[in-house]
Amino acid sequence: MFITKAPVEKVIELKNHIFILKIFAPEIASIIKPGEFLNVKVCDSNFPLLRRPFSVCDVEGDFIFLMFNIFGEGTKILANKHKGDLIDLLGPLGKGFNIEGDYDTAILVAGGLGVAPFPYFIRKIGNSKKIHSFIGGKTDKDIITYRMKNITISTDDGSLGIKGNVVELLEQNIEKLKSERIKIFACGPNAMLRKLRELCIRHNLNCEASIECAMACGFGICQGCPIESVNYPDKYLLVCKNGPVFNIRDVVI
Ligand SMILES: Cc1cc2nc3c(=O)[nH]c(=O)nc-3n(C[C@H](O)[C@H](O)[C@H](O)COP(=O)(O)OP(=O)(O)OC[C@H]3O[C@@H](n4cnc5c(N)ncnc54)[C@H](O)[C@@H]3O)c2cc1C
Ligand code: FES
C-alpha cells in the first residue's frame, strides 16, 4: 500500500458529468488488481476532510485511470483538476475480483457507474476467457460503454437497448448463457445487486460483486464500513478490508 502525490495527466469528460482521470502513478499501476480501489484525498484543504474511494478503472503502463460522475463536493473538485495537479492517493486497497478459475465466459453486470472497474478487468483477462457485458441505467444518459466488450444494454425507460433493468435483461438470457461455463462479476447500486443476488441463488450461479458503501479510512481501522455476512463466522465484515468484492451469497446487501 502506498501514499503518493501523483500528477494528473489528463481529465476527459466522457459524457455529461462523467469523467475519466488519467494519473501518473507507477508504483500503484505496477501492483493494483481489478476490483481494488484507491482512497483519494481530493485536495489539500480540510474540506472535504475524508478521502473518497474509487475503483481502479484501467491501467496503461505507468498510468492509472479513475472513472467518476459529479456526485458531491469531492467529485466536483476532481472534475476540475488540470494536467500537473497533484492528487494524494492511498492504495491499492481491498480485495478485488478473482478472475482466475474454472469458467469460460465472464458475464459482467454493471449498473450506471458500476462499469468503472471493468475496463481493467477486461484488459487483465485478455483472451483467456470470453466476455459478455450487460449494462443498465435509468436512461440512455446513464449508459457508459467506455472500453467495454460484447455489450447488451437495458434502460429503465427504454430510451436505449431493452426496456427494463439489467438484472431482468440478464434473466432473459440466462438459460442460453448457462449452456457455457459462466461466472458473473457485478458492480452497481445496492438495489441492483440485491436483485442479482436473488437471481444467482435461484439459478445457482457463481457471482462476485463489488459493494459500495460510505467509507472513511479505507483499510480496516475505523470500523466505519460494516456489512452483514452470511457464510462467515464473523457476523459483520468490513467492506474496505474483506471486500469490496465479495461472493454475492456471502453478504446481506
Ligand atoms: C470501493 C468503492 C469504490 C468506488 N468506486 C467508485 C468509482 O469508481 N467511481 C465513482 O464515481 N464512485 C465510486 N465510488 C463511490 C464514491 O466513493 C462516492 O461517490 C464519492 O465518495 C462521492 O464523493 P463526493 O465528495 O463527490 O460526494 P459526497 O459529498 O461524499 O457525497 C454526496 C452524498 O452521497 C453520499 N455518499 C457518498 N458516498 C456514498 C456511497 N459510496 N454510497 C452511498 N452514498 C454515498 C454522502 O453521504 C452524501 O450524502 C466507490 C465507492 C466505494 C466504496
Ligand atoms: S472504512 Fe474504515 S474500516 Fe472500512
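Observations
- Residue-level check: of (1) in a helix (DSSP H, G or I); (2) within 17 Å of the chain's Cα centre (by Cα); (3) crowded, with 16+ Cβ neighbours inside 10 Å, Glu208 misses just (1).
- Looking only at the range 237-252, and only at residues there that are more than 10 Å from ligand 2 (Cβ to nearest atom), within 15 Å of the chain's Cα centre (by Cα) and among the β-branched types (Val, Ile, Thr), the one that is farthest from Asn204 (Cα to Cα): Val245
Residues checked against (1) modelled with pLDDT of 95 or more; (2) under 26 Å from Ser128 (Cβ atoms); (3) more than 11 Å from ligand 1 (Cβ to nearest atom); (4) crowded, with 17+ Cβ neighbours inside 10 Å:
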{"residue": "Glu36", "(1), (2), (3), (4)": "yes, yes, no, yes"}
{"residue": "Arg51", "(1), (2), (3), (4)": "yes, no, no, yes"}
{"residue": "Ser55", "(1), (2), (3), (4)": "yes, yes, no, yes"}
{"residue": "Val59", "(1), (2), (3), (4)": "yes, yes, yes, yes"}
{"residue": "Asp62", "(1), (2), (3), (4)": "yes, yes, yes, no"}
{"residue": "His82", "(1), (2), (3), (4)": "yes, no, yes, no"}
{"residue": "Gly91", "(1), (2), (3), (4)": "yes, yes, no, yes"}
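- Note on the range 218-232: residues that are of a type in the set (S, T, N, Q) and within 16 Å of ligand 1 (Cβ to nearest atom) amount to 1.
- The residue list Phe19, Phe71, Phe37 contains one member that is out of contact with any Ser or Thr (no Cβ under 9 Å at 6 or more places or on another chain) and of a type in the set (Phe, Trp, Tyr), which is Phe71.
- Residue within the range 103-124 that is modelled with pLDDT of 95 or more, in a strand (DSSP E or B) and surrounded by fewer than 21 Cβ atoms within 10 Å (Cβ to Cβ) present: yes
- In the set (1) part of a loop (DSSP other than H, G, I, E, B); (2) under 17 Å from Leu177 (Cβ atoms), the condition left unmet by Ser128 is number (2).
- Listed by first and then second residue, the pairs linking a residue in the range 75-93 that is on the phi < 0 side of the Ramachandran plot to a residue that is of a type in the set (Lys, Arg) and surrounded by fewer than 16 Cβ atoms within 10 Å (Cβ to Cβ), with Cβ atoms under 8 Å apart and 6 or more places separating them unless they lie on different chains, are Lys83/Lys10; Leu86/Lys5; Ile87/Lys5; Asp88/Lys5; Leu89/Lys5.
- Residue match in the range 195-202 (condition: within 16 Å of ligand 2 (Cβ to nearest atom), within 19 Å of the chain's Cα centre (by Cα), closer than 27 Å to Leu169 by Cα and surrounded by 18 or more Cβ atoms within 10 Å (Cβ to Cβ)): no
- Some residue of the range 106-119 being closer than 30 Å to Ala216 by Cβ, of a type in the set (Phe, Trp, Tyr) and in contact with an Asp or Glu (Cβ under 8 Å, 6 or more places away or on another chain): no
- Residues of the range 211-227 classified as surrounded by fewer than 22 Cβ atoms within 10 Å (Cβ to Cβ) and near ligand 2 (Cβ under 6 Å from one of its atoms), total: 7
- Selection count, the range 40-73, where residues are more than 24 Å from Lys141 (Cα to Cα), part of a loop (DSSP other than H, G, I, E, B) and not basic (Lys, Arg): 11
- Extreme residue, farthest from ligand 1 (Cβ to nearest atom), among residues of the range 196-217 that are in contact (Cβ under 8 Å) with a residue 60 or more places away in the chain and small (Gly, Ala, Ser): Ala216
- Single residue of Leu193, Leu170 found to be hydrophobic (A, V, I, L, M, F, W, C), at pLDDT 95 or above and more than 16 Å from ligand 1 (Cβ to nearest atom): Leu170
The values are calculated or read from the model by the stated rules, or taken from the named source; none is laboratory data. In this text the structure is predicted, and so the values were computed from the model without any measurement. Methodologically, a virtual Cβ is constructed for each residue, glycine included, from the backbone with ideal geometry; neighbour enumeration extends over all protein chains shown.
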